1. Any idea which of (1) in contact with a Phe, Trp or Tyr (Cβ under 7 Å, 6 or more places away or on another chain); (2) crowded, with 20+ Cβ neighbours inside 10 Å is the one Val128 doesn't satisfy?
2. Out of all the residues in the stretch 87-100, is one or more in a helix (DSSP H, G or I), crowded, with 20+ Cβ neighbours inside 10 Å and within 11 Å of the ligand (Cβ to nearest atom)?
3. Filtering the stretch 43-55 down to residues that are hydrophobic (A, V, I, L, M, F, W, C) and touching a residue at least 24 places away in the same chain (Cβ under 8 Å), which residue is surrounded by the most Cβ atoms within 10 Å (Cβ to Cβ)?
4. Among the residues of the stretch 258-288, how many are out of contact with any strand residue (DSSP E or B) (no Cβ under 8 Å at 6 or more places or on another chain) and assigned to a strand (DSSP E or B)?
5. Can you tell me which residue in the stretch 289-303 is farthest from Pro359 (Cα to Cα), limited to those that are in contact with a Gly (Cβ under 7 Å, 6 or more places away or on another chain) and not in a loop (DSSP other than H, G, I, E, B)?
6. Looking at Val83, is it of a type in the set (Val, Ile, Thr) and at pLDDT below 95?
7. Kindly evaluate Phe28 against the criterion of being more than 20 Å from Gly290 (Cβ to Cβ), touching a Lys or Arg at 6+ places or on another chain (Cβ under 9 Å) and either hydroxyl-bearing (Ser, Thr, Tyr) or surrounded by 22 or more Cβ atoms within 10 Å (Cβ to Cβ) (or both).
8. Can you confirm whether the stretch 243-257 contains a residue that is part of a loop (DSSP other than H, G, I, E, B), of a type outside the set (Ser, Thr, Tyr) and surrounded by 20 or more Cβ atoms within 10 Å (Cβ to Cβ)?
Amino acid sequence: MRIGIVGGGQLARMLALAGIPLGMRFTFLDPAADAGAAALGRHIVGAYDDPAALDALADASDVVTYEFENVPADGMQRLLDRVPVYPHPRALAASRDRASEKQLFRDLAIPVPPYVLVDAETDLRRAVAELGLPAVLKTRTLGYDGKGQAVLRTADDVAAAWERLGGVPLILESFVTFTREISMVAARGRDGATAFYPVSENVHRDGILRISRCRREDPAATTAQEYAARLLAHLDYVGVLALELFDTPQGLYANEMAPRVHNSGHWTIEGACTSQFENHVRAVCGLPLGDTAPLGCTAMLNCIGKLPDIDAVLKHADVHVHDYDKQPRAGRKVGHITVRSDAASALEDLVQAITQVLPEN
Ligand code: AMP
């Protein structure tokens, strides 16, 4: 089967690495001449709203999927007119804007932090009065890895935050004092079958994911699964979806969802019977989903900025390096490292050892 992917970054690359053994062939649409996935298939160099490039992708594909959320809606529709696209772009439409995403969560009785939509500085002052401080101001679209966000701690922060982010649609959310951040990575096949990975427990710094740990037995797993299942069913979803949640003493709050494979699921490559990438490929191709059961204890550490010395990493047993073939740049995800162990305590020793050699941690 021929799979087209909108985007040619590391997620597309890992999808191809999982799909090629299943006999799939890949075409990537990405404007960057040095797209990391290009080595694994055909690369159409073009903009995501270029009709000729989109048509070339559709012509080269039996099915199309995407690796990021900010695909222009018109471009998606053009593809959809020519070829099946999974997950259906209605999932993109829901997640592209934090306002529609939060409304969807509410409609499905998935709790969210209190929030107010903000379009003008006067709205922001009203929203601060309504929600209280601290609060987080976010752009409603195009934000990722903590970009387009400002934490407001005192009334003095309001003007500067507006200065920095104002002029585009914004959302102010109450600051959640969570005990931890978790995500649920789930898959749904074309036949409606679902599969859920163990909870990932995620550590972010400066809005960027640093470490995800597979939590084989997690008290939040049942609720997180239930919330993800509601989204999958409601969206008649096909593929892998990730739901990011804040765990608090009052229960779980949904932060956001990603209608795609997700960084917090990268540990599944070595840490689960079937990786999130293989399950996404299986789902969009109409194949049966694979077992999501964990294999031992697993954690994933992101390499931010540049890769560590590979010898210092690989001298440890059961450690796996994923190099995304990207140019080093501060704050950029250029690779990840998976560590595995049969015992949780030994895993933490490995996490510590690898953390020591990561350049930006
Ligand atoms: P996001 O882009 O919404 O995923 O936010 C990036 C990170 O910022 C999250 O993973 C949290 O660590 C933090 N964050 C976002 N929203 C909130 C919030 N309402 N309260 C506290 N921390 C937040």
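The values are calculated or read from the model by the stated rules, or taken from the named source; none is laboratory data. Computed from a predicted model, the values in this text were never measured in an experiment. A quick note on method: Cβ atoms are made from the backbone with ideal geometry, for glycine too, and the neighbour counts reach across all protein chains shown.
1. (1)
2. For the stretch 87-100, residues in a helix (DSSP H, G or I), crowded, with 20+ Cβ neighbours inside 10 Å and within 11 Å of the ligand (Cβ to nearest atom): present.
3. Leu54
4. Number satisfying all stated conditions: 0.
5. Pro294
6. Values: of a type in the set (Val, Ile, Thr): yes; at pLDDT below 95: no.
Considered against the rule, which asks whether it is of a type in the set (Val, Ile, Thr) and at pLDDT below 95, Val83 comes out as no.
7. Numbers: more than 20 Å from Gly290 (Cβ to Cβ): yes; touching a Lys or Arg at 6+ places or on another chain (Cβ under 9 Å): yes; either hydroxyl-bearing (Ser, Thr, Tyr) or surrounded by 22 or more Cβ atoms within 10 Å (Cβ to Cβ) (or both): yes.
Yes; evaluated as a whole, the condition is true for this residue.
8. If we filter the stretch 243-257 for residues that are part of a loop (DSSP other than H, G, I, E, B), which is where we start, we get 249-250.
Filter once more, so that each one left must be of a type outside the set (Ser, Thr, Tyr): 249-250.
This time we only want the ones that are surrounded by 20 or more Cβ atoms within 10 Å (Cβ to Cβ), so: none.
No, there is no match, as no residue in the stretch 243-257 is part of a loop (DSSP other than H, G, I, E, B), of a type outside the set (Ser, Thr, Tyr) and surrounded by 20 or more Cβ atoms within 10 Å (Cβ to Cβ).
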